[in-house]
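What follows is one structure encoded as structure tokens, with my remarks underneath.
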Amino acid sequence: MASSVPWKLLPLAAAVILCCLHPWANVRGEYFSSVEKMRQLVKLEESLIASLEHYIKLHEQKVAFLHRQKDLLTKELKEAQKNEVQYVSNPITAFMIANRLVTDWERIRSFMAMDVGAKLENSTTLPTTDDVLGIVEGLARLQDIYQLDAKEVASGKVLDRQLHRQLTPADCYQIGVKLSGSYNYRLAISWLREALRRWTTENPGVSKVEIMNALSYALSQQGEYEEALELTNNVLKMQPDNERARLSKDPLEKWIDYKKEHGLPPRKPEPDYGNYYSLCRGDFHRPASDLATLHCRYERSRSPFLRIAPLKVEEVNHDPYIVVYHQVISDKEIDTLHTISKSSMKRAMVGDDNKKEVSKSRTSSNGWLEDFMHPVVRAVTTRTEDMSGLTMDAAEQLQVGNYGIGGHYLPHHDYVVPEEGKEPYPVIGKGNRIATVMYYLSDVEIGGATVFPEIGVGIFPRKGSAIFWYNLHANGTADSRTLHAACPVFLGSKWVANKWIHEHGQEFRRPCQLDQKA
């Protein structure tokens, strides 16, 4: 029986069971790509705590240990329940809840499995290490774009806001190791340095040697062989038989000699996205001469309905043409779109009809809605026609999207440039995407802007507004200046709805011109 197992051997027994009987080894989580999906983790943790309370009553021998664990987890849960969206969209607390459900709860489950009593039951798929990695990579994106250092983030205070409690040395170590595993050695080094700086003998959660070995490896991958060797030598002073350090010492010494003689090979250049980063931060400011030509107005002429209910239009750019329509979709309509799209939400993909794939360049989930599915979807389609002046006969279904932790979409074009002799979007068969309308279905507390790096335009989400722009010149050729991106969401849940409009049928709505600027 479990009660006969010496208390000191329980962690070892739990580890053996975890390695041999892990029932979710083949499950691949996708929580991190959608804040809405991340909300499920709060409910999941709540149900696990309820099961845990039942288990405690049946196993008095383990009450002291399990009550301590329950109190700690319940404290975190109460924080989450105060504002679920804010909790799971915060990269720090998102990491904590996903990591708890991947590691802490699994240790508790294994501990309980040593007896034949009650089990933790849940009907929701647990998050996996893929979800934790996705959150860590989202955090790295936020560090890059918003110029945050690991010390600041680990302290829980970011951009003059206190987001949550401080991270432990073990938390920082886990983040650093996961970043190193995804080849982001530069940021991995900053997190492992912070883990080492925070490490104490009182409650470390990870050994100092583990941190030093991991930091040495990350430094070596960045060509910092001298510091890597210094760390390795310090490890060997502390543990002369440490195999990892012993095996690393000789190669590091050889690399130092090679570096002195030949230098380091040039590093792979970072992608140049122009003003993307500064636009996302709101640092880039357009010249006053450009802003002076932009106006706000009412649009009444495109349909009879607009004569009694004109649209509020804000000009953002004249060439290429970009405008924002304000207060074009109500909160009630937005709630309906949220509700009817949730069941169809899947991880967003990139590519054209011939090749679509999951990519780290786009971290969100989306679902597609047909007009016949609900009157609100039909109403949005009609409203899009009023806004754009283009026929919806050549429009795609409405795509509703929700961005995840650090959710973004790197600079891209909405049109495609097909191979010679081939048709763009052959599955749709209505030509290229002539225009885009994107509705904002939520406010975003920090981040999440839509930016156009080629022309220096940035638009931050405002619930109920919509952006409209042409992707093609007036003569039908692609307008490369419409390169745009979705900036990483720092805090909050970003919901959007996209309506892509194709060329066919627009001949009398937007007649083709020989002069592309006509």
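Seen from all sides and averaged, what is the projected area of the convex hull of the Cα atoms in region 37-113, in nm²?
Numbers: hull surface 19.2 nm².
For the Cα atoms of region 37-113, the hull's average projected area reads 4.8 nm².
Summing +1 for each Lys or Arg and -1 for each Asp or Glu, what net charge is found among the other residues whose Cβ lies under 14 Å from the Cβ of M438?
Cβ neighbours under 14 Å give a net charge of +4.
If R0 is 22 Å, what FRET efficiency do you get for L291 and R509 from their C-beta distance, rounded to 0.05?
Numbers: r = 29 Å, r/R0 = 1.34.
Once the sixth-power term is evaluated, E becomes 0.15.
How many nm is it between the label spots at S344 and Q397, if each spot is 7 Å from the Cα in line with the beta carbon?
0.4 nm
Over the chain, what relative contact order in percent results from Cα pairs under 8 Å that are six or more residues apart?
Numbers: 867 pairs, mean separation 74.8, N = 518.
Answer for the chain is 14 percent.
Net charge within 12 Å of N242 by Cβ-Cβ distance, Lys/Arg positive one each and Asp/Glu negative one each, not counting N242 itself?
Numbers: positive: K208, K237, R244, R246, K249; negative: E210, D241, E243.
Neighbourhood net charge equals +2.
Please give the contour-minus-distance gain from D104 to E420: 0.36 nm per residue of separation, less the Cα-Cα distance, rounded to one decimal in nm.
On the way: separation 316, 0.36 × 316 = 113.76 nm, distance 5.52 nm.
Length gained between D104 and E420: 108.2 nm.
Would region 285-502 count as rounded, prolate or oblate if I go by the C-alpha gyration tensor, calling it rounded below 1.5 in a/c and otherwise prolate when a/b exceeds b/c, oblate otherwise? Don't skip to the end; give the middle numbers.
Numbers: a/c = 1.13, a/b = 1.07, b/c = 1.06.
Note, shape of region 285-502 comes out rounded.
Net charge near P461, counting Lys/Arg +1 and Asp/Glu -1 over other residues with Cβ under 9 Å of its Cβ?
On the way: positive: R462, K463, K494; negative: D443.
Net charge in that neighbourhood comes out at +2.
About its Cα centre, what dipole magnitude does the chain give when the only charges are +1 on Lys and Arg Cβ and -1 on Asp and Glu Cβ, stated in debye to the nearest 20?
Values: 64 positive and 66 negative charges, 199 e Å.
With only Lys, Arg, Asp and Glu charged at Cβ, the dipole is about 960 debye.
Assuming R0 = 25 Å, can you tell me the calculated FRET efficiency for the pair R267 and D160, based on Cβ-Cβ distance, to the nearest 0.05?
Working: r = 33 Å, r/R0 = 1.33.
Once the sixth-power term is evaluated, E becomes 0.15.
Tell me, what is the FRET efficiency for A64 and T200 to the nearest 0.05, using R0 = 22 angstrom and their Cβ-Cβ distance as r? Don't skip to the answer; put the middle values down first.
Numbers: r = 26 Å, r/R0 = 1.17.
With a Förster radius of 22 Å, E is 0.30.
Taking all protein chains in place and a 1.4 Å probe, what share, in percent, of the accessible surface of the chain do carbon and sulfur account for? It would help to have the intermediate numbers written out before the result.
Details: 13340 of 25720 Å².
The C+S portion of the solvent-accessible surface of the chain is 52 percent.
Rounded to the nearest 20 Debye, what is the dipole magnitude of region 285-502 about its Cα centre when Lys and Arg each give +1 and Asp and Glu each give -1 at the C-beta?
That gives a dipole near 440 debye.
Can you give me the accessible area per residue for the chain, using a 1.4 Å probe, in Å²? Don't skip to the answer; put the middle values down first.
On the way: 25720 Å² over 518 residues.
Accessible area per residue: 50 Å².
The values are calculated or read from the model by the stated rules, or taken from the named source; none is laboratory data. These figures come from a predicted structure and were not determined experimentally. Reconstructed Cβ throughout: ideal geometry from the backbone, glycine too, with neighbour counts over all protein chains shown. Note: accessible area is taken over every heavy atom of the protein model, side chains too, but ligands, DNA and RNA are not part of it. Shrake-Rupley method; radii C 1.70, N 1.55, O 1.52, S 1.80 Å.
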